[in-house]
């Protein structure tokens, strides 16, 4: 076998579980075909329940796990990873997926992964905007009430070095807030 034949076989053959280059199922891997099948089954049960005027079925655990995997993995992207409220973002994304699962139509699209990724992405953006508004409100409250009412430290004339450091830290916090407010 020549080198070119070997590379042709290696790169044109389908990767299987025995092939060392086969894609490994990771913790965040969502199989789009299985996900689509699960949504189609759920959708048929839901439509049958609506026609029979009975209680709507619960979303299967597999679909919920897929929502959580998509949201968790998306939260590790560089534009979302450093937020302290990342868990809230994930929760909002999963909640929106549950809210809009009935809007996914398998006849229009065969890619539920992309559909729900977009839902989660925009849920993340909405959460970031909410948190920014909350942060702005907190800063305005601090500015209007005065820093001394909110940031109060007891003065101590003894030899505790930590008390002087905490007072200077409070001053630097005040300066940082004033600088941000003047931008």
If I filter the range 109-123 for residues that are assigned to a helix (DSSP H, G or I) and farther than 26 Å from residue 36 by Cβ, do I get at least one hit? no
Please determine whether any residue of the range 50-59 is in contact (Cβ under 8 Å) with a residue 24 or more places away in the chain, surrounded by 11 or more Cβ atoms within 10 Å (Cβ to Cβ) and assigned to a helix (DSSP H, G or I). no
Determine the pairs where a residue that is without any contact (Cβ under 8 Å) to a residue 12 or more places away in the chain, located within the range 100-123, has a partner that is in a loop (DSSP other than H, G, I, E, B) with Cβ atoms under 6 Å apart, the partner being 6 or more residues away or on another chain. 115/104
Can you go through 106, 78 and tell me which one is at pLDDT below 95, under 30 Å from residue 179 (Cα atoms) and in the same structural domain as residue 43 (by TED's automatic domain parsing)? 78
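The values are calculated or read from the model by the stated rules, or taken from the named source; none is laboratory data. A quick note: this is a predicted structure, and the numbers were derived from the prediction, not measured. Positions of Cβ are backbone-derived with ideal geometry, glycine not excepted, and every protein chain shown enters the neighbour counts.
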